[in-house]
Structures are given as C-alpha cells and as structure tokens.
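Here is the structure we will look at.
The values are calculated or read from the model by the stated rules, or taken from the named source; none is laboratory data. Treat the numbers as computed from the prediction; the structure is a model and nothing was measured. A quick note on method: Cβ atoms are made from the backbone with ideal geometry, for glycine too, and the neighbour counts reach across all protein chains shown.
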Ligand SMILES: CC(C)(COP(=O)(O)OP(=O)(O)OC[C@H]1O[C@@H](n2cnc3c(N)ncnc32)[C@H](O)[C@@H]1OP(=O)(O)O)[C@@H](O)C(=O)NCCC(=O)NCCS
C-alpha cells in the first residue's frame, strides 16, 4: 500500500495505491481505508479477479498494466519487412512523422519527452507506418503502440514488442510493460482492439488498475 499525492484538475489530493493479492479482502480493506477518509483509492489487482464492490463504492476509471518478462516471452511472429529506426533525439521532421502516425492510429498526438523516451519509428518501403516510445527509465512503452490504420493486422504492432524486448535487455531490465487507460470504465471498441492486440502477444502478468470513489 502506498500513500501518494495526485494532482486532480490542478489540486493536490491525497490518495492510496493498493496492490491487492486476495480480492476477497477488498470489503474489509475498504472499510478501513474509507474510515481514514482517503479521497482517492487506486486498486491494482489481477485482471481476471472478480471484485465484490460494496454498495457505497464505485469504479470511475479503469486501466490495464501488462508486463512481459524477458525470460518468458511468447510473442507472435512479427513483421520482418518493416525497418525500425531508433531516435534518442528527434527533430521537427521526426515529430511530424510521429504526429502523422498517431493521427492515423488513435486520432491525436502526444509528443515524446526528452530524457524519458527512445522513439521507435517503423518504415515500410520508406513510408512511416508505426511508432512507439520506449521509456528508458522504466522500460514501459508509454502511450502504447501505434500503427497507421491502413497497415493494421500486418504484425507491425507486434514488431514493436520485439524491439522493446531488445531495448529492455540491452538496458538491463528484466521486463517491459504497457499501460492503457480505458476511455470508458467498461471499455470502448478501440480499448477492446488494443487489449486484444496486447493479449494476443501473451503478456506474463496482466493487472487492472481501478480508481474507486465513494458514492454520495
Ligand atoms: C492496436 C494496434 C497497435 C495493433 O497493431 P497491428 O499492427 O494491427 O497489430 P498486429 O498485426 O501485430 O496484431 C497482432 C495480433 O493482435 C490481435 N489483434 C490486432 N488487432 C486486432 C483487432 N482489431 N481485433 C482483434 N484482435 C486484434 C490479433 O490476434 C493479431 O494477430 P492476427 O492478425 O494474426 O489475428 C493498432 O490497431 C493501432 O494502432 N490501434 C490504434 C492505436 C492504439 O489504440 N494503440 C494502443 C495504445 S495503448
């Protein structure tokens, strides 16, 4: 259990991050936590766990956190035709390519962060078709994997997992990970697509992260 401070709409709020091994302990744990007046509780639990939520509590945000252990990799066969460029630093041309990929994958653009990200750019016959940001500080693929819609289902996304595994190994990590913040608690069609893709590549550990709130 970790006590943390979150910024919610610019205002710091105290919260708790709780990793729960035994879901049946949730109710008693919540009663203790709620009595201590925590405003925000984030619960980290096995993705398949069924959670008996008490009636005064609701889930108002849902994410997934998947890990791939390098000694237990069971990835799908990747696309070998694409070339994957690595950029520790990037210029406006690379940024423009990233913007184009993300606009054609999930519709908006999040730029890479210097100091955190190694940019991976996939090219097919010279055309930029995919991107990912490998976080060199924690081996997470920040903001997930992106492939231009017209090139979906060619195992280009899968290729980024191979590249992430290589980067993680070269940098002394034992695993790499990915997070997806679901757009709706029960998941949209694009959430389901992304999760199907991640699960098809056999993550070693699958966790869900639930934000719990008190019902008025
Ligand atoms: C998710 C995404 C990266 C997948 O890229 P991709 O190159 O099409 O994926 P791959 O071809 O490597 O797929 C590997 C496997 O994942 C599964 N998969 C991929 N897309 C799927 C879909 N739309 N529905 C169901 N399963 C899917 C399949 O099992 C697939 O293997 P198969 O084609 O042999 O059946 C791509 O759809 C995308 O860019 N989506 C929008 C951006 C996004 O939401 N990214 C995740 C951010 S967290």
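Observations on the structure shown:
- Filtered by the rule that a residue be part of a strand (DSSP E or B), surrounded by fewer than 14 Cβ atoms within 10 Å (Cβ to Cβ) and either within 15 Å of the ligand (Cβ to nearest atom) or not assigned by TED's automatic domain parsing to the domain that holds residue 149 (or both), segment 84-133 gives a lone residue, 127.
- Here residue 77 qualifies as under 21 Å from residue 176 (Cα atoms), out of contact with any strand residue (DSSP E or B) (no Cβ under 6 Å at 6 or more places or on another chain) and modelled with pLDDT of 90 or more.
- Options 49, 61; residue that is assigned to a loop (DSSP other than H, G, I, E, B) and surrounded by 13 or more Cβ atoms within 10 Å (Cβ to Cβ): 49
- Here residue 192 passes the criteria (1) within 24 Å of residue 80 (Cβ to Cβ); (2) part of a helix (DSSP H, G or I); (3) near the ligand (Cβ under 8 Å from one of its atoms) except the one numbered (1).
- In segment 189-208, the residues that are closer than 26 Å to residue 17 by Cβ form Cβ pairs under 7 Å with partners that are more than 9 Å from the ligand (Cβ to nearest atom) and part of a loop (DSSP other than H, G, I, E, B), at six or more places apart or across chains, as follows: 191/182; 191/183; 206/47; 207/47; 208/47.
- Residue check for residue 212: crowded, with 17+ Cβ neighbours inside 10 Å and either at pLDDT below 95 or in the same structural domain as residue 14 (by TED's automatic domain parsing) (or both): yes
- Residue in segment 168-180 that is surrounded by the most Cβ atoms within 10 Å (Cβ to Cβ), counting only those that are more than 8 Å from the ligand (Cβ to nearest atom) and not in a helix (DSSP H, G or I): 176
- Condition check for residue 114: touching a strand residue (DSSP E or B) at 6+ places or on another chain (Cβ under 7 Å) and without any contact (Cβ under 8 Å) to a residue 40 or more places away in the chain: no
- Any hit, segment 148-167, residues being more than 16 Å from the ligand (Cβ to nearest atom), assigned to a helix (DSSP H, G or I) and over 16 Å from the mean Cα position of the chain (by Cα): yes
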